[in-house]
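The values are calculated or read from the model by the stated rules, or taken from the named source; none is laboratory data. The structure presented is a predicted model; accordingly, all values stated were derived computationally and were not measured. When we count neighbours, we look across all protein chains shown, and the Cβ atoms used for this are built from the backbone with ideal geometry, even at glycine.
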């Protein structure tokens, strides 16, 4: 199944946009090759509210959120994961509203760093974030006229979660599923095996609308996620083919597989290839000396 991305998105900076009944979206002005037009925050409810992913440390984003809240009580602040474009503003919003912070947990890598390894994504991690309430898989949080169920989806990060608005078919999919692009899965923060397992977990649900952390909604979640899965399997096959054709380094593989991709994204692409190679080595399909590494040598198994 071909995967078609939708890049037609108006961020409407400084405004709250209604995207579903009793759901507002506010997009932070932090565009980049990794965030698209910016990070989406969501406000849920009518009288007492929940906020999902307040966003990056940004005065304008905080003021736009508070203007949309319009003095109504905020009972919960949910955070999908601890990258700096999603969680840092949560602390200031808590100060202004008194609402507790709910998330899977603090930031952590998907695996321990290996000897001599440096985490290239340290700068993107919000290491200061600690939730007031640690959410487990399938936890149901009751609000005023709404209920949100936590679905843990490790992969993009180890502590990634998505949130289902019970009884509506709407799921806040954060960075796990986005209409405009695939999610970055970059070791050691993320893990490809975890990502694929979490994708299967969402495919087993019957959500009708996904509201992601960047870009516009996914209106046909089932077919889109099946396309995402196919896309990842095709990328895996492409990496296997490059190894079998004689490529031995990730740099060689990226040059061939991502030749039409913005060069600014090649660093992230290299980490994505490493994520696939970690999985392929674990499954016995590719060989390397020691543990898979960004500067490792890879051969057919």
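Considering the range 137-155, the residues that are loosely packed, with under 13 Cβ neighbours inside 10 Å and touching a residue at least 24 places away in the same chain (Cβ under 8 Å) include one that is nearest to residue 21 (Cα to Cα), namely 145.
Checking each residue in the range 81-93 for being touching a strand residue (DSSP E or B) at 6+ places or on another chain (Cβ under 7 Å) and either in a helix (DSSP H, G or I) or outside the structural domain of residue 190 (by TED's automatic domain parsing) (or both) picks out 90, 93.
Output the residues belonging to the range 182-233 that are part of a strand (DSSP E or B) and closer than 14 Å to residue 156 by Cα. 212 - this is the single residue of the range 182-233 that is part of a strand (DSSP E or B) and closer than 14 Å to residue 156 by Cα. Looking across the range 22-38 at every residue that is out of contact with any helix residue (DSSP H, G or I) (no Cβ under 8 Å at 6 or more places or on another chain), in contact (Cβ under 8 Å) with a residue 60 or more places away in the chain and in a loop (DSSP other than H, G, I, E, B), the one that is nearest to residue 186 (Cα to Cα) is identified as 35. Inspection of the range 41-55 identifies at least one residue that is out of contact with any strand residue (DSSP E or B) (no Cβ under 9 Å at 6 or more places or on another chain), in the same structural domain as residue 169 (by TED's automatic domain parsing) and in contact (Cβ under 8 Å) with a residue 12 or more places away in the chain. When residue 10 is tested against (1) assigned by TED's automatic domain parsing to the domain that holds residue 134; (2) exposed (fewer than 15 other Cβ atoms within 10 Å of the Cβ); (3) more than 25 Å from residue 124 (Cβ to Cβ), just one condition goes unmet, and that condition is (1). All but one of (1) in a loop (DSSP other than H, G, I, E, B); (2) assigned by TED's automatic domain parsing to the domain that holds residue 194; (3) more than 23 Å from residue 161 (Cα to Cα) hold for residue 96; state the number of the condition that does not hold. Unmet for residue 96, out of (1) in a loop (DSSP other than H, G, I, E, B); (2) assigned by TED's automatic domain parsing to the domain that holds residue 194; (3) more than 23 Å from residue 161 (Cα to Cα): (1). Considering the range 112-181, the qualifying strands (runs of 3 or more DSSP E), each wholly inside and each with 1 or more residues that are under 20 Å from the mean Cα position of the chain (by Cα), run over 147-152, 161-165, 170-174.
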